[in-house]
Every structure is written in C-alpha cells, then in structure tokens.
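Okay, so here's the structure we're looking at.
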Amino acid sequence: MVKHYRPPGKKKEGNAAKFVIRSQAIKQLQISLPLFRKLCILKGVTPREPKKKFKGTHQTYYHVKDVSFLHHEPLVEIHRAIRVHERKIKKAEAKKNHERANRLRQKTPKPKIDRIIRQRYPRFVDALGELDDCLTMVHLFAALPASESKKIDVECVHKCRRLAHEWQAFVSRTHKLRKTFVSVKGIYYQAEVEGQPITWLTPHSLQQVVSDDVDITTMLNFLQLYEPLLSFVNFRLYHSINLKYPPILDPRLEALAADLYALSRYASANTRPSVLNSEASQAESEQVETKQKEAETGNETSELRLAQLQHQLPSNEPGALMHLVEEVTGEDEEDQDTKDCKKLFKNMKFFVSREVPRESMLFVIPAFGGIVSWEGEGAPFGESDQSISHQIVDREAQGHRFLSREYVQPQWVYDCVNARIILPTDNYLVGRTPPPHLSPFINYDEEGAYIPDYAKTIKHLQAAARKEILPLPGVGKDALEDPQNLLVEGIIDRAEANDAAQRKQKMMILEQQYRDDLKKELQGITCTSAGSIETSTEVVQTGESTTSVHENIDHDDMGKLMLSRKRRGLVKAIEKSRERNKAQTDLIKQRKKKIDEEQRQRS
C-alpha cells in the first residue's frame, strides 16, 4: 500500500504535533523570555521530555496544551498593560513632567495571584503538601539584606519575616514540631500539620551575602507565588484555633525584635477566651432551647434533660465551664504524638544566653512545653530567677554560676527533641566536647544500616524510659525470647517457662517438617495427606538427570528463573543497591576503626 503523501507545512503527526520548543512557544504567546519564565513559575508549567527530540537534544520542549493554557491566562494581558504603563512613565520622565510620572507610578496595575493559588491548590491538603519549598524560600528572604541592585525591597524582607514568624508561632502553639537538625546549611525543621509532614530549612542567624552567581530574578518570581500562598495557609490555620488573622502584636516587643515571643503571647492570650466564648454561647443556646421545650411540653423527660444539662454546666460556677472546655478541646483534638511532644519540657524553665541563636530556641522550646527567656529588654524573666532549671550557654567557660540550675549547650535541646526523652546532661556541660549530633531523618533500623555508638546509647535510654527490655550486644531477639532466659530474668515463673519450652519445641518440629517437604517438592517427590511418598511421572520419564539439576540449583536461583525478565531486572537492581549500601557501611566502619586506633595511640 502506498503511503499517504503529506506536503510540508501541513498537519503534523507524532511528537512534532504534541510538543513545541521554547522559542516557538514565546513566538506564539508574543511575550518576552523573562515574562515566559515568570508565567511558567506562577502557573506550574514545566518542560517535558519527549521520546524523540525532533528539534535536537539541546532544545527545551513544552507540551502544546501547556502553551495554550498560558495563552488564555489573564496575567498575560495584565503584564502587557504594565509594559504600556512603564512606557508612559518613561515618556513623562523624558518630558520632565515629574508630577505625571509620580501619579502614573501610583496607578501602576499590580497582578493578583489569588486566582492562580485557588487553581493550583483546590484543597487545603494540596497546599500543605507543597509548602516545603515555600517555607524555605520565605525564611531565606527573611534573613537576606535589602538591596536595590538585587531588587530586594525592604517591604519584601519585612513581609517574609512576618510570615515566617506567624508560621513558627502556630507550630509552636499547637505543638506540631517533630524533628530538628542543625547542619552547615542551616537548621532543618519538620512539622506535622493535619497529617502532612512539612520539612523546611532556615539559614543561620549570620550576615548573609548575596552572590552574583545566584539568579535573584527567578527566586523573586517564586517568592511572588509563595508569599500569598503562605498568607492563605496561615489564615486558615489561625482560624482553625480561633485566632484572628493577621494578629495584632505588642508594639514594644515588635520594636525590640521579639516578634516570635509577641506572637506566642498573642496566641496564648486569645485562643482560650475565643473558645470559651463560642462554647459558652452554645451552652446558653442549648439552655434556652431546653427551657422552651420544658415550657411547651411540660413533660418529665424535658425536666430530666434540663437537670442533666444543669448538672454538666452549673451556672453558679464559672470555672466548671472552663474545665469542661479544656477537657474537650485539649484531649479529643490532640493525638498521642502531640501529647508526648507537649510534655517533653514540661515544668522546665530555660534561659538563653546572648551568644545562643535566640529565635531557634524561642521556637523549639515552647513547641515541646517549656518556658524560655533571654537576656535583654522584653524578656519574661531575668537571669537571676531562681526557678530556672536550665541555662543554655555556647561558650567555653561560664563565670558566674547558680547552683540551682544546669548549664548545657544548645545541642542538648535538639538531641532531646529528636530522641523524645530528657537526655543526661553530663556530655553536654559547658566546656566539654558534645557527642555527635545525629540526624533524625536517617532510619537506623534499616537492614544493613550503620548504627553509630551514640545512636545505640540513645536507643537504650529510650527503652529504659519506656521500661522495655532490649537484647545485649551480640544477642538477638530469639535469645531474649528464650523461656530459660526469661525464667532467669524473673519475668515468668517455672510453670510458664515449661509451657513455653514445649510450644517452642513443637514449632521447631513443624518448621523442620515444612523444610523437608519443600526439599522433596524440589526433587519432584510429592507427599500425600497420609504421608506416603509418591514419585511424579515426569521425574520417572526424564530420569536421574533432572533430579541432579534440581539438586544443584539453589532456592534463590529457582525463584529467579520463575520470574519474568522485567522482574528479574528489578531483583538485580535491588541486590546491587544492597551491595552498595553494604560497601558504604563497611567503609564507614573501617574509618571508625581507624579513628579509634589513632585515638588509642595518642592516649
């Protein structure tokens, strides 16, 4: 059959009809390259990778539907109007009509991102799932210095700082923080909000220098999307705990750069009364309804219901309603993990010295139930307060000391948060080298993973706090569950030990019988229900050669032969990754052994 002839320039087929390169997309939209990049960032349009790159491998490809999606975007018209407005301002300045130029600057149209946020995140859970990069970007710009050359405005820095503090105040107030880790890049945090784990990075409180290699324009485009997104999320979260948004802060604390403490005070002062008022109004409405029903019907059931309601909410005791609200809102809404985090630093008062990063401590310690203060104006209590239990110091020596408190390094707070227990302070005292700061984002329980010595120590401390029994080094769980060992430890009596030994012996016999049956099946011998051995006809026909082949083939090889080629490739990839992890673990162990030997030689 003759192939249909298609003249050049007519209808395209295949990848040429589905994808266009970036220059073609810009030509279709009739916009500049910076505006095209900005629109792609705001709308979430990303380049595609077609199977066949018909224009070459050096080109960037976009889907045709994505380009048509941008073509119908109202932001394109708004940016065109902005470009026309900028030409008018430039023309007025050229004519030295400064009054008209200033008036035109005030009337410059500004694009709104609210509609785009509703399109990209139709549900609140979707917005929380995409909040990692948003929080990292906002915290970064909150620490950057304002610069006209880099187009970083002072208002942008202040707004990012306010949004970051509002987010930290909510996480600290609701005790949603789960993990912290101090690295060279900054401090990693992980919170769990409405079941969504959110991880972000905050830079260290040092002077930040903006390098020329960084594309600030692209980062500002992302920030244009992330600022209203975080504002919407904070608005929703603050209203979920009955707080007004934006919060009204104490101007004195705000002037002293204690924004986070001012927000925490605002949250603690306004959360409970609003909940009480709402519950009180509901209780009053219920009482009015019950009284109306009693007046209309006059039945004994309504009188009994009113008596029960009055017994639950006595009107002559104002504290009874508060206790009821605290029980309902405090216990039912919080999960077990939040309750454990809330009680970690309970009844502990911390004082932060001036060399310790204050904002991080003001965020982490109240999130786990502690009370914190600092050195300076606006602090809730001073250094001479006798009720302080721990003072956080990050210097080699401490001159004046109070005997009623312990002086620890900041790493102790982060390690206690990650371990969820109060660790001993002996290794974290002032002037001592602290133990290694372990990352909570690494799972040391995986097969073949390297477990540091301090991780083993923390695991034993956690087991002691939970009153669990852990096996000794070199002893497995099977040896720990042995009835004789349990009898020696005094956990069970002799009768229970004898019963457990008999059950274990029966299980071992059944397991050995099962293994023998598997071997017989591999050799081609089937076992009947009565236990008589029958030889399959296939084995008899093929002779002794098949039995010898089955004996030589391993169980793993038999399993691989039964798999398809695709599954076999997956198994090989898994085995390679395990070998790679094992090699990396062995290398770490060799380095650890070498370091220990060097330390012994020095000592």
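Only one entry of Glu406, Glu447, Glu383 meets the criterion of being open to solvent by 40 Å² or more (accessible area, probe 1.4 Å) and modelled with pLDDT under 85, and that entry is Glu447.
Within the set Phe222, Phe232, the sole residue that is over 24 Å from Ser360 (Cβ atoms), in contact with a Phe, Trp or Tyr (Cβ under 9 Å, 6 or more places away or on another chain) and open to solvent by 10 Å² or more (accessible area, probe 1.4 Å) turns out to be Phe232. Taking (1) under 29 Å from Asn581 (Cα atoms); (2) modelled with pLDDT of 70 or more in turn, Arg466 satisfies each apart from (1). Screening the range 28-52 for residues that are outside any helix (DSSP H, G or I) and among the β-branched types (Val, Ile, Thr) and picking the one that is most open to solvent (accessible area, probe 1.4 Å) gives Thr46. Hey, does the range 13-27 have a residue that's over 44 Å from the mean Cα position of the chain (by Cα) and open to solvent by 40 Å² or more (accessible area, probe 1.4 Å)? Taking every residue of the range 13-27 in turn, at least one turns out to be over 44 Å from the mean Cα position of the chain (by Cα) and open to solvent by 40 Å² or more (accessible area, probe 1.4 Å).
Checking each residue in the range 558-603 for being modelled with pLDDT under 80 and either in contact with a strand residue (DSSP E or B) (Cβ under 9 Å, 6 or more places away or on another chain) or surrounded by 10 or more Cβ atoms within 10 Å (Cβ to Cβ) (or both) picks out Met558, Gly559, Lys560, Leu563. Looking only at the range 371-380, which residues are at positive phi and surrounded by fewer than 14 Cβ atoms within 10 Å (Cβ to Cβ)? Answer for the range 371-380, where residues must be at positive phi and surrounded by fewer than 14 Cβ atoms within 10 Å (Cβ to Cβ): just Gly376.
Within the range 402-430, can you find the residues that are farther than 26 Å from Thr338 by Cβ and part of a strand (DSSP E or B)? Once the filter is applied, which keeps residues that are farther than 26 Å from Thr338 by Cβ and part of a strand (DSSP E or B), the range 402-430 yields Glu406, Tyr407, Leu429. Looking across the range 203-240, the residues that are free of Cβ contacts under 8 Å to residues at least 12 places away in the same chain, of a type outside the set (Phe, Trp, Tyr) and more than 23 Å from Leu39 (Cβ to Cβ) come down to Leu206, Val209, Ser211, Asp212, Asp213, His239, Ser240.
Which residues, taken from the range 369-393, are hydroxyl-bearing (Ser, Thr, Tyr) and in a strand (DSSP E or B)?
Once the filter is applied, which keeps residues that are hydroxyl-bearing (Ser, Thr, Tyr) and in a strand (DSSP E or B), the range 369-393 yields only Ser373.
Does Val214 count as open to solvent by 40 Å² or more (accessible area, probe 1.4 Å), at pLDDT 90 or above, β-branched (Val, Ile, Thr) and farther than 21 Å from Glu130 by Cα? No, not satisfied.
Which residues, taken from the range 171-210, are over 19 Å from Pro145 (Cα atoms) and among the hydroxyl-bearing types (Ser, Thr, Tyr)? If the condition is that a residue be over 19 Å from Pro145 (Cα atoms) and among the hydroxyl-bearing types (Ser, Thr, Tyr), then Ser172, Thr174, Thr180, Ser183, Tyr188, Tyr189, Thr199 are the ones that fit. For Lys55, the criteria (1) open to solvent by 50 Å² or more (accessible area, probe 1.4 Å); (2) under 16 Å from Leu225 (Cα atoms) hold in every case but one, which is (2).
Residue pairs whose Cβ atoms lie under 7 Å apart, separated by 6 or more positions or on different chains, with the first residue in the range 19-35 and within 10 Å of Tyr62 (Cα to Cα) and the second open to solvent by 30 Å² or more (accessible area, probe 1.4 Å) and part of a helix (DSSP H, G or I), are Phe19/Val64; Val20/Val64.
The values are calculated or read from the model by the stated rules, or taken from the named source; none is laboratory data. Just so you know, these numbers come straight off a predicted model, no measurement behind them. Neighbour counts run over all protein chains shown; Cβ positions are idealised from the backbone, glycine included. When the accessible area is computed, the model is the full protein with side chains, heavy atoms only, and any ligands, DNA or RNA have been set aside. Shrake-Rupley method; radii C 1.70, N 1.55, O 1.52, S 1.80 Å.
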